[in-house]
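Just so it is clear, none of the values below were taken in a lab; they were calculated from the coordinates. Fair warning: this is a prediction, and the values are worked out from it, not measured in the lab. Counting neighbours? That spans all protein chains shown, and the Cβs are built from the backbone with ideal geometry, glycine included.
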Amino acid sequence: MSRLQTMIHTLEEGAGVAVIKGLLLVLVVAGLAITYNLREFRNFSNPEAMDQAQLARNVAEGRGFVTGFVRPLSLHQVARHKGTGDFGLSAPHPDVANAPLYPLALAGLMKLAPFEFGIRNPAEFRSYQPELLIAWFNQGLLLLALGLTYRLGKRLFDALVGWTAVVLLVGTELFWRFSISGLSTMLVLVLVLALANTLASLESGARAQPAQPGQPARPPGGAAEVLFLALLAGVLVALAGLTRYSLVLLIVPVVMFLALSLTGGRRVAAIVVALVAFAGVLTPWLVRNYHLSGAPFGVAGFAACEETERFPGQKLPRSLHPRDAATPADLDKVAVGEYLDKLGVNLGRVIQEDLPKLGGNWVTGLFLAALLVRFRNPGLVRMRGFLVVALLLLAAAQALGRTQLSTASPEVNGENLLVALAPLLFVFGAGFFSLLLDQLELEYPPARRLVIGVFVALCSLPLLLTFVGPRKTPVAYPPYYPPIIQEAAGWLKPDEVLMSDMPWAVAWYGRRPCVWLTWDISRDFNSLHQQKPVQGLYLTPLTMDGRFLSQMLKSEERVWGRFAVESLVKEEMPTGFPLKHAFSGWLPDQLFMADRPRWQEAGK
């Protein structure tokens, strides 16, 4: 009888309550995920998502970190570092553009889950099965992020604030869009939240805790515990940096947090341990990149040069000769002033547009108000300082690293760094809202819950409205239609050279290496063709839907614009172009050219 009473007491007041609430959260999130996916799921439309997915598949199949998305800039950088003029088109191209952790995680998923990369019935195609599995994986990471958010809110404030922050996060439509985008954002959220929880544990453990109702006073934690948590913090920052390179900047607020939270010898020891752990995890990958390309962050490190006056649009990653002293488009001529100009222009955009919409929720305003509150808890003050410094650094990194990816998709893109800090803002916003409720002195407990419920419902309106409108089609066309891409890629063998304006999609859906359309024909295309003949050219709506004057004839990319016009209007191949045969079945939306009528061979 006593054992039964103990079990009942545990379920009513002890750990059983937490288990029941946790299971309820899992069921709610699973139900939301099913409903959201049925109504809102779309196949990938972000180039970075397809790029990392095809890279993950190569890793899962034992080919290592080689890529099918071949950037001309990467060919240049690898050849330049080797000291030869050989672009290495006859061998798999090493990937020096992506951070490795997310592709590794997807590779593990591909080993375990039943991925079907082929399309069984192209005529009835709607959803691409591998992308749906990746979406479920990311929604599992979102669930883990919710648990870490609750833990952080409870540690910094109380359990009610933790649950409020969790519900706010669940009710934010932006995070659901990220979960089905195929991007690494959900993994980033988990790592940043794990880092924040680690720092909060270190700070509270390093100082004496006064007695609380039902809990005795606790002396400061031992040096071993502090050093272990400092080591864990360094590892987590490195892992975040190996997910998105810009997140290595988080080591700065981490060191500041340790310096403010500790004293004496423990302060120095903890900082040294964190830095050593950070460098120990990060350095091997940077050495690998340098060995292959001569740059520790590979071609990703040149993002600061993109979208500048010298390299507008996609000019830099599509340039095979980006170092040419005879032209202004020379990487070696980029000066500090040009970086500052880009930083100034884009930082204003971040402050005016991105920061107010940070996290896709109104709670950001409450966080800004919480900056003015004098918290008694030193842990809250230090965590808030960590968050402010991290926001400033990541805002600068986001402004400086902005490329065409942000232009194509302003919110849901891999360059959105500020969203990684949104759950922390939600915790502080929920905490500030709780302080406001305390001022109302609501004596009736259900009234407090009612006010919180109304607040959460208002913040969740964008998500709720998505369930009211019409259901979206999962096909992300234009420009991506996987059955056509697979068919076009299948006309070439894996060791033949294919060029396209969306090589990320060809590599992912078509399972063929594909070179990004070079910036011009006169030099870059011919340089590649002379080393190894280009046997296929695939132009999609990305090029064919361009405005006739502004994008086809008057832009810096006018050579390919004229090429498309001559092919369509004159119905003849440009003089001297080596690919003489064109497939007419997809015109005028898509143009496929080859050295021979390969589509006829495939039909036999």
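Brief remarks on what is shown
- The order of the peptides 317-329, 44-56 by mean Cβ neighbours within 10 Å, most packed first, is 44-56, 317-329.
- Vicinal HN-Hα couplings computed from phi for the range 82-94 (Karplus, 6.51 cos²θ - 1.76 cosθ + 1.60; Hz; Gly/Pro x): 6, x, 10, x, 7, 7, x, 6, 7, 10, x, 8, x
- Here the Karplus curve 6.51 cos²θ - 1.76 cosθ + 1.60, taken at θ = phi - 60°, turns the phi angles of the range 277-290 into couplings of 5, 4, 5, x, 7, 7, 4, x, 6, 5, 5, 4, 4, 5 Hz, with x standing for Gly and Pro.
- Mean residue ellipticity, 222 nm, helices only, the chain: the sum of -39500 (n - 2.57) across DSSP H runs of n ≥ 4, divided by residue count and rounded to 500, is -18000 deg cm²/dmol.
- Here the dipole of the chain is about 960 debye; that uses its Cα centre as origin and unit charges on the Cβ of Lys and Arg (positive) and Asp and Glu (negative).
- Sorting the segments 495-501, 286-292, 123-129, 467-473 by their residues' average number of neighbouring beta-carbon atoms within 10 angstrom, most packed first, yields 495-501, 286-292, 123-129, 467-473.
- Put simply, when 419-431, 142-154 are sorted by average Cβ atoms within 10 angstrom per residue, most first, you get 419-431, 142-154.
- Legend: distances between Cα atoms for Lys342/Lys472; Lys493/Lys580; Lys333/Lys357; Lys21/Lys154; Lys333/Lys532; Lys357/Lys472; pairs beyond 26 Å are Lys342/Lys472; Lys333/Lys357; Lys333/Lys532.
- Charge-dipole axis of the chain as Lys and Arg at +1 and Asp and Glu at -1 on Cβ define it, positive-most pick from Leu498, Leu202, Val363: Leu202
- Farthest positive-ward along the chain dipole, Cα basis, beta-carbon charges - from Thr149, Met544, Trp516: Thr149
- Which of Gln439, Leu331, Val167, positive extreme of dipole for the chain (C-beta unit charges): Gln439
- Amide H to amide H distances under 5 Å link Arg323 with Leu331, where only residues 5 or more positions off or on other chains count and H is placed in the peptide plane.
- For Val66, the shell of other residues with beta-carbons less than 12 Å away shows a net charge of 0, using +1 for Lys and Arg and -1 for Asp and Glu.
- Nearest 10 degrees, 0 to 90: helix 558-569 Cα axis against the chain principal axis: 60
- Database remark: amide H of Met499 closer than 5 angstrom to the amide H of Val515, Gly536, Leu537, Tyr538 (H placed geometrically; neighbours at sequence offset of 5 or more, or on other chains; Pro and chain starts carry no H).
- Remark: the range 376-393, residue by residue, has Karplus-estimated 3J(HN,Hα) of 7, 6, x, x, 5, 4, 5, 5, 5, x, 4, 5, 5, 5, 4, 4, 5, 5 Hz, where x stands for each Gly or Pro and the curve is 6.51 cos²θ - 1.76 cosθ + 1.60 at θ = phi - 60°.
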